[in-house]
1. Hey, which lysines would be in cross-link range of residue 45, C-alpha to C-alpha under 16 Å, not counting anything within fewer than 8 residues on its own chain?
2. Just read off the accessible area of residue 139 with the full protein assembly in place, 1.4 Å probe, to the nearest 10 Å².
3. Pick out, in residue order, every one of the trypsin sites (Lys or Arg not before Pro) in segment 1-102 that is DSSP loop and has at most 16 other C-beta atoms within 10 Å; say none if there are none.
4. Rounded to the nearest 10 Å², what accessible area does residue 33 show when all protein chains are kept and the probe is 1.4 Å?
5. Would you mind checking which residues have amide H under 5 Å from residue 7's amide H? H placed 1.01 Å from N; only 5 or more apart, or other chain.
6. I'd like the GluC sites (Glu not before Pro) in segment 19-125 restricted to DSSP loop residues with at most 10 other Cβ atoms within 10 Å, sorted by number.
7. Among the lysines, select those whose C-alpha is under 22 Å from the C-alpha of residue 60, and discard any that sit fewer than 8 residues away in the same chain.
8. Round to a whole angstrom and tell me the spacing of the C-alpha centers of segment 38-82 and segment 108-157.
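The values are calculated or read from the model by the stated rules, or taken from the named source; none is laboratory data. All of these numbers come straight from a predicted model, not from anything done at the bench. Because the Cβ atoms are built from the backbone with ideal geometry, glycine has one as well, and the counts that use them run over all protein chains shown. Note: accessible area is taken over every heavy atom of the protein model, side chains too, but ligands, DNA and RNA are not part of it. Shrake-Rupley method; radii C 1.70, N 1.55, O 1.52, S 1.80 Å.
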Amino acid sequence: MTSSTSIKMQKMGVRFKPPTIFLFYTDTSTGKFRRRTVTLEDFTKTTNITDYAQELHDDKTTRNRNLFRYIPLRRIERLLFVLKEGLGTNLSKSDLDKKLRQFDDLDVNEDLNKLDDDALKHKKLIMNETFEKNFVDPSSKDFVYDVAVDFEQPEGEQHTSEWDSNDEVEEDIKQEDEEDEEDEEDADDDDFK
């Protein structure tokens, strides 16, 4: 493993007892398929997965052997979430899938200002991943310059905004004109005193 280009991650897995992560990768310089087993001795049910994932990803002490740096941070978080959920209870695969979907869920109506730092970091990772997935580069064949899109309201959901009402705009203009006229009259009166 001399360079980052010689590693191609294939798949990952977990074992609950003891808490272990399996990393399967191909060493492209030799063409060999390899497995790395990483036992997480200090991982418990109360471990903060956001911080733990960051530590695994950025581990400087094992920089030459750290395969986690080739894995997106969000994928490591998901692995640790599955590991954490499976530690204390005997969950079925379908229950784990449901919990993982809830963990990955991004509610557009959720107020992110009310979240703690770890939850906010997690939501930002989800948003970043979604952005990267939907990003269209100018060199891409799907790229279209200057797209104009009209968003139509579903029937029965008419939203009115006070700030763009024509009546109010006209009233504001009339009031400003009247104020300007009064200011001009006051200025004229001052000149003749």
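1. Partners found: 17, 84, 99.
2. 100
3. For trypsin sites (Lys or Arg not before Pro) across segment 1-102 that sit outside H, G, I, E and B with at most 16 neighbouring Cβ atoms in 10 Å, the list reads 45, 60, 63, 65.
4. 120
5. Amide H to amide H, under 5 Å and 5 or more residues apart or across chains, residue 7 pairs with 28.
6. 41
7. Partners within reach: 8, 121.
8. When both Cα centres are located, 27 Å separates them.
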